[in-house]
Amino acid sequence: MKFLKALGKIVVVAILSAVGGYFVFDFAMHVLTGQGDEVVVPAIVGIHRTDAHELLEREGLYLVVENTVFDAVSDSGTVITQRPEPDERVKKGRRIHVTISEGVERMLVPEVGGQGVREARIVLNRSGLKAENVISVPHDDVPRDKVIASDPVAGTDVRSGADVHLLVSLGPENSAFLMPNLRGRKEYDVRRHLDLFGIGLARVTYKDLEGAERNVVVGQTPPPGTRIARGTSVEVEVTSP
C-alpha cells in the first residue's frame, strides 16, 4: 500500500510538472514571437494598398484583398473599405480584409449619328452615359429629329456617367425671303445665285428674240418681290444661246 501511495504521488507530481511546463513554454513562445498580443487596427481607408500593407505589417497584421470595384471618388489602388474596423483591438497575426478601388470606370462613346433622340438616349444609357443636353439646329441633309453628331464624338474615351451632348436636326431651314429680280442676268449667273438660296430651276424656256442679248433671262415665275421659302422651284425664260 505504501508503494502505491508513493507511486500515486509521483504520478501527480509528474502531471503537475508537465502542465506547468506547457504553460511556461506557451508563455515563452508568446513573448518570443509576439503571438497572442493585442494591437489596435490602424485606419487604412483612403491610402494606397502598398502603404496600407506596410502599415499593417508594422503592427503584425496582414492585408488581404477581398474585392476590387470601380469607384468614381477614389484613385485606383486605394483602400475603400476595411474589416475589422479601425481602432478595434485584435490579436497579432490577424488578417485585415479590404476592398480596393479600380478608379473611375471608363468607356468609349458609342455611335448614335442618324438615330432618333429616344434611340440615341437608350444606347447611351446602356453604355453608362447620359444625354441630357439636346441642341436642335436646321440641317439640309439629316432628317428632322435625327442625331447629326454627338459631343464628345463617337469613339472618345470618357468616364462612366459622363454627359454626352446631342446635336439634332430640325430638317431643312425654311427661311422665307423675297424673290429676287432675275431679268437681265445671264443664265449661268442666275443658276449660281439661286443655288445659294436653295432654290432650283424647275424649267428653262428658251426664246428667240431678234436683236436681244443671248442667254439672258427675260421672264420669271414667281415674279420679283414674291415671298418664297427655301426649296421653292423657279421657272425662267431665257433668250436663245
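The values are calculated or read from the model by the stated rules, or taken from the named source; none is laboratory data. Treat the numbers as computed from the prediction; the structure is a model and nothing was measured. All Cβ positions, glycine included, derive from the backbone under ideal geometry; neighbour counts span all protein chains shown.
For the list (1) more than 24 Å from P138 (Cα to Cα); (2) without any contact (Cβ under 8 Å) to a residue 24 or more places away in the chain, I need the number of the one condition that P224 fails. The single condition P224 does not satisfy is (2).
Would you confirm, using the coordinates I've provided, whether D145 is over 26 Å from T226 (Cα atoms), touching a helix residue (DSSP H, G or I) at 6+ places or on another chain (Cβ under 8 Å) and among the charged types (D, E, K, R)? Even if it seems obvious, please write down each step before you answer.
Values: over 26 Å from T226 (Cα atoms): yes; touching a helix residue (DSSP H, G or I) at 6+ places or on another chain (Cβ under 8 Å): yes; among the charged types (D, E, K, R): yes.
Here the answer is yes, as D145 does meet what is asked.
Among the candidates R144, R159, single out the residue that is under 30 Å from E119 (Cβ atoms), touching a residue at least 40 places away in the same chain (Cβ under 8 Å) and of a type in the set (K, R). Quick ask: steps written out before the conclusion?
On the way: R144 fails: touching a residue at least 40 places away in the same chain (Cβ under 8 Å).
Going through R144, R159 in turn, just one is under 30 Å from E119 (Cβ atoms), touching a residue at least 40 places away in the same chain (Cβ under 8 Å) and of a type in the set (K, R): R159.
The set of residues from region 39-63 being exposed (fewer than 14 other Cβ atoms within 10 Å of the Cβ) and of a type in the set (V, I, T) comprises V40, T50. Taken over region 16-58, the criterion of being within 55 Å of the chain's Cα centre (by Cα), modelled with pLDDT of 50 or more and assigned to a helix (DSSP H, G or I) is satisfied by R49, T50, D51, A52, H53, E54, L55, L56, E57, R58. Scanning region 162-192 for residues that are surrounded by 13 or more Cβ atoms within 10 Å (Cβ to Cβ) and among the small types (G, A, S) yields a count of 3. For region 123-148, give me each residue that is among the aliphatic types (A, V, I, L, M) and surrounded by 14 or more Cβ atoms within 10 Å (Cβ to Cβ). Within region 123-148, V123, L124, L129, A131, V142, V147, I148 qualify. Among residues of region 78-105 that are loosely packed, with under 14 Cβ neighbours inside 10 Å, those with a beta-carbon under 6 Å from a residue that is among the small types (G, A, S) at least six positions away or on a different chain give the pairs P86/A43; E105/S160.
Determine if region 124-142 includes at least one residue that is in a strand (DSSP E or B) and within 30 Å of S74 (Cα to Cα).
Yes, region 124-142 contains at least one residue that is in a strand (DSSP E or B) and within 30 Å of S74 (Cα to Cα).
Just to be sure before I move on: is L201 over 15 Å from L124 (Cα atoms) and either within 46 Å of the chain's Cα centre (by Cα) or not small (G, A, S) (or both) in the structure I sent? Taking the combined requirement at face value, the residue satisfies it.
Might you check whether a residue that is assigned to a loop (DSSP other than H, G, I, E, B), farther than 30 Å from V39 by Cβ, modelled with pLDDT under 95 and acidic (D, E) occurs anywhere in region 75-92? Even if it seems obvious, please write down each step before you answer.
Step one: of region 75-92, the residues assigned to a loop (DSSP other than H, G, I, E, B) are 75-77, 84-88, 92.
Checking the rest, the ones that are also farther than 30 Å from V39 by Cβ come to none.
Scanning region 75-92, I find no residue that is assigned to a loop (DSSP other than H, G, I, E, B), farther than 30 Å from V39 by Cβ, modelled with pLDDT under 95 and acidic (D, E), so the answer is no.
If you check E235, E187 for being touching a residue at least 24 places away in the same chain (Cβ under 8 Å) and either under 30 Å from L124 (Cα atoms) or touching a Ser or Thr at 6+ places or on another chain (Cβ under 6 Å) (or both), only one passes: E235.
So for region 103-121 (the condition being closer than 30 Å to V41 by Cα and either over 11 Å from the mean Cα position of the chain (by Cα) or outside any loop (DSSP other than H, G, I, E, B) (or both)), does at least one residue qualify? The answer is yes, given that some residue of region 103-121 is closer than 30 Å to V41 by Cα and either over 11 Å from the mean Cα position of the chain (by Cα) or outside any loop (DSSP other than H, G, I, E, B) (or both).
Scan region 161-209 residue by residue and report those that are in contact with a strand residue (DSSP E or B) (Cβ under 6 Å, 6 or more places away or on another chain), farther than 20 Å from G225 by Cα and part of a loop (DSSP other than H, G, I, E, B). Of everything in region 161-209, those that are in contact with a strand residue (DSSP E or B) (Cβ under 6 Å, 6 or more places away or on another chain), farther than 20 Å from G225 by Cα and part of a loop (DSSP other than H, G, I, E, B) turn out to be V164, L170, L209. Suppose the filter is modelled with pLDDT of 90 or more and among the aliphatic types (A, V, I, L, M); does V158 pass it? Taking the combined requirement at face value, the residue satisfies it. Please enumerate the residues belonging to region 210-241 that are surrounded by 14 or more Cβ atoms within 10 Å (Cβ to Cβ), under 48 Å from the mean Cα position of the chain (by Cα) and part of a strand (DSSP E or B). Answer for region 210-241, where residues must be surrounded by 14 or more Cβ atoms within 10 Å (Cβ to Cβ), under 48 Å from the mean Cα position of the chain (by Cα) and part of a strand (DSSP E or B): I228, A229.
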